[in-house]
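The values are calculated or read from the model by the stated rules, or taken from the named source; none is laboratory data. All values reported here derive from a predicted model rather than from experimental measurement. Here the Cβ positions follow ideal geometry from the backbone for every residue, glycine too, while neighbour counts run over all protein chains shown. With ligands, DNA and RNA removed, areas are computed over all heavy atoms of the protein, side chains included. Shrake-Rupley method; radii C 1.70, N 1.55, O 1.52, S 1.80 Å.
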Amino acid sequence: MSSYAAELDRLHGDVLVTAPSGVALASSNRISSPDHPLHRFGLGVGRGTPSDGESLDRFATGLLGLHRDLLRQGLDHAMTHLGGRTSQGSPLLDRQLVQTALADVAIEVRENAALPTADPHERWRAHLGLVDAGRLLLSLLGASSFLVSGPGGDLHLAEVTGNVYLHQESE
């Protein structure tokens, strides 16, 4: 099971939280039955009655926190990876554009943590900011971001999960 799937299960707690659309995402271990056959990237997809507002609010806030944690881990990974890669005799990490992009990701993570998340529309905007920061980080890492040791897979899952739980419009 991916680390993201395990953290997602932890956020669910004892009760599986279902999005307003009636979709639920959790680890393949948690959603595994003939009634819920769809599994992808360590996540299972199920359907159910939408969760109450309080449960969904708590879960949505947790999803944003988990996404920020993934980006922090991704920044650490990028610093190590880009510091070890060279171009024309110098580490990629020494390049001004690389440093600027990493700083942009770090600033988004920090500012995002201070955003209010009581309103569903605010949560959606916060999610979109994290998605943009994640995509910028992944563009710096290129294909290496999707290696087992890279942050690409988990950031992709965070984006998809946020789209399911945080989007305010009907499908």
Next on the checklist: On C-alpha positions alone, give me the angle between the axis of helix 53-84 and the longest principal axis of the chain, in degrees, nearest 10.
Outcome noted: 20
Item to check | Karplus (6.51, -1.76, 1.60) ³J(HN,Hα), θ = phi - 60°, over the stretch 140-152, in Hz, Gly and Pro reported as x | outcome: 5, 8, x, 4, 4, 5, 9, 5, 3, 7, x, x, x
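Work out the FRET efficiency for Ser21 and Thr80 from their Cβ-Cβ distance, taking R0 = 30 Å, and round it to the nearest 0.05.
Values: r = 38 Å, r/R0 = 1.28.
It comes out at approximately 0.20.
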Checklist entry - Under a GNM of the chain (C-alpha, springs under 10 Å), which listed residue has the highest mean-square fluctuation: Thr86, Thr161, Thr18? => result Thr86
Checklist outcome for this item: Amide H proximity to Arg47 below 5 Å, modelled H, separation 5+ or other chain, gives Ala24
Checklist entry - What does the accessible area per residue of the chain come to in Å², with a 1.4 Å probe and no ligands, DNA or RNA counted? => result 54
Checklist entry - If one takes the longest principal axis of the Cα atoms in the chain, at what angle in degrees, from 0 to 90 and to the nearest 10, does the Cα axis of helix 96-113 lie? => result 30
Next on the checklist: With +1 assigned to the C-beta of every Lys and Arg and -1 to the C-beta of every Asp and Glu, and no other charges, what is the dipole magnitude of the chain about the Cα centre in debye, to the nearest 20?
Outcome noted: 480
Checklist entry - Residues with beta-carbon under 15 Å from that of Ala143, excluding Ala143: net charge, scoring Lys, Arg +1 and Asp, Glu -1? => result +2
Next on the checklist: Under 8 Å for C-alpha pairs, at least 6 residues apart: give me the relative contact order for the chain, rounded to a whole percent.
Outcome noted: 24
Checklist outcome for this item: Output for the stretch 1-105: trypsin sites (Lys or Arg not before Pro) sitting in coil per DSSP, at most 16 other Cβ within 10 Å, listed by number, reads Arg85, Arg95
Checklist entry - In whole percent, how big is the carbon plus sulfur part of the accessible area of the chain, probe 1.4 Å, protein atoms only? => result 53
Checklist entry - Roughly how large, in nm² to one decimal, is the mean projection of the convex hull of the alpha-carbon atoms in the chain? => result 10.1
Checklist entry - With the chain treated as a Gaussian network of Cα nodes joined by springs under 10 Å, which of Leu155, Leu82, Leu71 yields the largest mean-square fluctuation? => result Leu82
Checklist entry - What list of ³J(HN,Hα) values in whole Hz, one per residue of the stretch 155-164 in order, does the Karplus curve 6.51 cos²θ - 1.76 cosθ + 1.60 (θ = phi - 60°) give from phi, with Gly and Pro shown as x? => result 5, 4, 5, 5, 5, 5, 4, x, 4, 6
